[in-house]
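One structure is given below, encoded as structure tokens.
Every number in this text was worked out from the coordinates using simple rules, so none of it is lab data. Computed from a predicted structure; not experimentally measured. Ideal geometry is used to build each Cβ from the backbone, glycine not excepted, and the neighbour counts take in all protein chains shown.
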Amino acid sequence: MEFPAGEHEDLILPWLWSGRTGVFSDETALALHGVSDALPARHHLTVPASWASRRLLVPEGLRLHFADVGGEETTWVGPVPVTVAVRTIRDCLADHVSPDLVAQAVRDGLARGLFTPEDVPAEAR
């Protein structure tokens with residue numbers, strides 16, 4: 001039986017690899033939210049902080065981040081979980097993503113009403 005290709009189906013396997021505990025973040029989340037021109041070479045997935053001490057065989061093309069992401073910081077884009085836009089901005093700042101991409105994400109996110117200026121860290125405004 002064949003099924004039609006779904007939106008973001010390339011993200012399903014990395015998410016399943018994480019035992020459905022991972023959340024797409026950083027540049028991958030920027031792209032999923034459509035708030036920048038980010039085209040990450042690898043998928044960024046945040047897994048629980050407790051995983052940092054594990055020995056993991058990470059699938060090719062996947063970059064892991066270790067942090068606990070609360071339910072209020074997660075949303076769904078199609079079939080995959082992703083950090084909410086303002087959390088994505090904070091993660092990108094912490095991981096030193098290109099300032100141009102972050103500035104574009106802030107402008108686009110504000111224009112689309114994804115967050116308010118007060119929600120955005122001062123260094124991103």
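So, counting K/R as plus one and D/E as minus one, what does the shell of residues with Cβ under 15 Å around Gly61 add up to?
Local charge sum for Gly61: -3.
Per-residue counts of other Cβ atoms within 10 Å, averaged by peptide: what ranking do you get for 40-48, 62-70, highest first?
Packing proxy ranking, top to bottom: 40-48, 62-70.
Provide, in order from the shortest bin, the percent of all Cα-Cα pairs of the chain in each 10 Å bin, continuing until the bin that contains the maximum pair distance.
Calculated over all Cα pairs of the chain, the distribution is 13, 46, 31, 9, 1, 0 percent.
Taking the DSSP beta bridges in the chain as the whole, what percent of them are antiparallel, to the nearest 5?
Percentage antiparallel, nearest 5: 50.
Go from 0 up to the bin containing the longest alpha carbon distance in the range 41-104, width 10 Å each, and give me the % of pairs per bin.
18, 49, 31, 2
Going highest first, how would you order 109-117, 24-32, 10-18, 83-91 by mean Cβ packing within 10 Å?
Order by mean packing, descending: 24-32, 83-91, 10-18, 109-117.
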